[in-house]
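Okay, structure first, notes after.
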Amino acid sequence: MKKIGISDFCKYHFLSSLNASKNALFFIDTKVKEDKSDYCQRLLKYDLNTNSQSVVKDYVDKLPLYYVDENEVLIGEVNKETKKTETKIVVLDPMSGEEMRSFVLPLDVNEIKKYDDNHYLASATFKVNHPDYYKYSEDKKEELIKEEDNNKDYIVLDEYPFVFNGAGVINGNRNGLFIIDKITLEIERITPPTLDVESFDYKENKILMSGVDFTTYKKKFGSVYEYDVLSKTIQKLSDETMIITRSFYLNDDIIVIASFGKETGWLENPKFYKLIDGKCQLYIDSDLSLYNTVGTDIHYGKYSQFRKINGKPYFLSASKGSRSELFTIDNDKLVCLSDFEGTVDDAVVVDNKIYRITTLANRLQEVEVLNGETLTHLNDLSEYYVAKPNRITLNKKTKIQGWVLLPEDFDTNKKYPAILDIHGGPKCAYGEIFYHEMQYWVSLGYIVFFCNPRGGDGRGNDFADLRRQWGGKDFEDLMDFTDEVLRQYPQIDSNRVGVTGGSYGGYMTNWIVSHTNRFKCAATQRSISNMITEVCASDYGIDFPYEMNFTDLHNCHDELWSMSPLKYANNVKTPLLFIHSIEDYRCTLPEALQYFTAIRCNGIDTKIVAFKGENHELSRSGKPLHRIKRLEEITAWMNKYLMEEE
């Protein structure tokens, strides 16, 4: 059989943004451009009556947003030929795909959908000092463009957060809601200028939203608001200290999915509450994160973690330790609608039948009927050797799940090099789904093993609780799992084992090499080395002391330093490769530079490969040529220390 090659992901089809209209499914198909410089996307339709697939809009650079209902398909396009803030909307017939009309909105639209027969409801990003930009005259817009050009060589920061990974500088940005007249295109902003809207829902003459209202410092805690379309007034409905996942209408009730942090801290999974007289009353007790956090490097695009279809809510969540499953509310209970090893990446309902995009261990993404037939056949790995995940359960007080991937024609009498791969998060998970980089290493003759240590998602709050214990019980689980893999697979040469991981997995790689010399080499990716600088300089940082439940959030430097791999850098003896992106605002470049400097000056074999124009998502959605270079560098580092010369 063929071996998975380093650039074979460039042949894959990445499916996302599944929607439905009448008897048809719509979804975005992303693939790598021929020159591997970037990606391109097209909108596909699957006719459920004829079981046929057709192209609605052929490949373009990006399809940033689209919306489907029974009467029209809206496709948003960014006008690259102007510096003005605007979004072009193209309206297509959902059945024929023919263009019916198009219009331009003076808004940076993130999402648009039908509100009623005469209006759209859109969320859009605007500058807090120009909330009524959409009302400005053309002359005033030109003045703003000139002002921005004059100030292009410097940046002014006066808010927190001031950056966000993948978006760059967000200082002064807010996400608001706008009602748009379909005929006149008259626009009305319905949210206050300082309110940053994070979720919204609507029914009849009411629009429900959750978000954070702030001027200089956006805290973690949000509130629920309701806009009355008839009176054109907005009312704050809640004032409790809570982290809101989202709010929505369920029949006559307002449901708030939120965490109060009382059990396992501010990273605890949310519960379902009814909002009654300004107070949250428990509706459904839940121990799910309500996010698909099962990792892979073969997804690209947007996925709906929540959606309402005909008034019924549907949720995706990591579950059972290694899966992403689909849930709904039925008879005041949270009910799981799927049961299989793999991930539900997106889902819709047509005539009471559920359709989903899924990923499996030996198969790339396809659209299929829930617990039924596969509809699309865009990806084909039938000619390739794909290693099966062999499950290992570490039987300790808290059982740990993990897997081993074996090379083709695995020989029990032969010795093999191996790589331990650590997931990010920490509140994420590995599962039994296809992972390109792991399969590539297997094709080279490596045994690859990976697990879900404590701190990860999909097994409830107690399992995920890692407060003040980064580098503690998670490190213990990873080392115990490594011991168990070596015991069950004596074919692994214990002197030729490497370790790698990204984000939190990079933090753990840094921690591991400063606390043990058992690994021959290591590659740390988009990592953290100094918790003090991570807290003060990243887009995530200030959240961390809250999540750790430190006694004094403003004087926790001792606790942060004790959790920092940099504190123990003088212990490092393991050759260490750094992979980092210069525009990574989640784990900033200085996190790599500090650790690199410490061990380089101690004579340890090390180097940094830093990628221009990339961010924290390099390994998943970075430019294809950069993704290939990244994997080449890691593989060469592993080969240098782990592969025996023939």
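Read the figures in this text as sums done on the coordinates, not as results from a lab. Quick caveat, the model's predicted, so the values are computed rather than measured. Counting neighbours? That spans all protein chains shown, and the Cβs are built from the backbone with ideal geometry, glycine included.
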Cα shape, the range 536-622, gyration tensor, a/c 1.5 rule: oblate
Among Tyr46, Ile284, Ser319 the positive-end extreme of the charge dipole of the chain (Cβ point charges): Ser319
Amide hydrogen neighbours beyond the local backbone of Gly501, cut-off 5 Å, H modeled: Ile422, Ala523, Gln525
Within the range 148-254, chymotrypsin sites (Phe, Trp or Tyr not before Pro) in DSSP loop having at most 14 other beta-carbon neighbours inside 10 Å: Tyr154
Debye log10 I(q)/I(0) at q = 0.09 Å⁻¹ for the range 359-502, Cα point scatterers: -0.31
Where labels lie 7 Å past Cα in the beta-carbon direction, separation of Asn395 and Leu375 in nm: 4.5 nm
Sequence ranges 68-74, 56-62, ranked by mean other-Cβ count within 10 angstrom, highest first: 68-74, 56-62
Under 5 Å, built H, 5+ apart or other chain: amide partners of Thr241: none
Radius 11 Å from Cβ of Gly76, net charge of other residues (Lys, Arg +1; Asp, Glu -1): -2
Distance histogram in 5 Å bins (all Cα pairs of the range 275-365, percent per bin): 3, 12, 24, 23, 18, 10, 6, 3, 1, 0, 0
Net length gained if the chain between Lys573 and Phe214 were fully extended (0.36 nm per residue, minus Cα distance): 124.6 nm
Compactness of the range 494-646 as Cα Rg over 2.2 N^0.38 Å, two decimals: 1.05
Residue-by-residue Karplus 3J(HN,Hα) for the range 193-209, coefficients 6.51, -1.76, 1.60, Hz, glycine and proline x: x, 8, 7, 9, 7, 10, 7, 8, 8, 7, 7, 6, 9, 10, 10, 9, 8
Of Lys80/Lys113; Lys333/Lys399; Lys320/Lys427; Lys220/Lys567, pairs whose Cα-Cα distance is over 18 Å: Lys80/Lys113; Lys333/Lys399; Lys220/Lys567
Cα lying deepest toward the dipole's positive end in the chain, options Val60, Val256, Val499, charges on Cβ: Val499
Percent RCO, i.e. relative contact order, over the chain, from Cα pairs under 8 Å lying at least 6 residues apart: 10 percent
In sequence order, calculated HN-Hα J values of the range 76-90 (Karplus, 6.51, -1.76, 1.60; Hz; x Gly/Pro): x, 10, 8, 7, 6, 8, 10, 8, 6, 7, 7, 10, 8, 10, 9
Residue-wise HN-Hα coupling along the range 151-165, computed from phi with Karplus coefficients 6.51, -1.76, 1.60 (Hz; x: Gly, Pro): 9, 5, 8, 8, 10, 9, 10, 9, 9, 9, x, 10, 9, 8, 4
More than 14 Å apart - percent of Cα-Cα pairs taken over the range 356-410: 66 percent
Hull shadow area, averaged, the range 99-186 [alpha-carbon convex hull, nm²]: 7.5 nm²
Residues in the range 359-395 reached by a label modelled at Ser54 [backbone nitrogen below 20 Å; 7 Å Cα→Cβ]: 367, 375-378
Surface/4 of the Cα convex hull for the range 1-157, nm²: 13.9 nm²
Convex hull per residue volume in Å³, alpha carbons only, for the range 85-137: 99 Å³
Radius ratio Rg over Rh of the range 47-87, counting only Cα atoms, Kirkwood formula for Rh: 1.09
Highest-first arrangement of 253-262, 128-137, where packing means the average Cβ count within 10 Å: 253-262, 128-137
Lys607 paired with Lys84, simple spin-label distance in nm, labels 7 Å along Cα-to-beta-carbon: 5.0 nm
5 angstrom amide H check on Phe611, placed H, neighbours 5+ away: His580, Ser581, Ile582
Distance in nm between pseudo-label sites at Phe260 and Met95 (7 Å out along the Cβ direction from Cα): 5.2 nm
Rh by Kirkwood over Cα pairs, then Stokes-Einstein D for the range 338-429 at 1.306 mPa s and 10 °C, µm²/s: 97 µm²/s
Packing-based ranking, highest mean first, of 340-348, 471-479, 94-102 given that Cβ atoms within 10 Å are counted: 340-348, 471-479, 94-102
Cut-off 20 Å, label 7 Å out along Cα→Cβ of Asn151, residues of the range 111-135 by amide N: 125-135
FRET efficiency estimate (nearest 0.05) - Cβ-Cβ, Tyr115 to Leu553, R0 41 angstrom: 0.50
Average Cα contact separation per residue, the range 499-595, under 8 Å, 6 or more apart, as relative contact order %: 38 percent
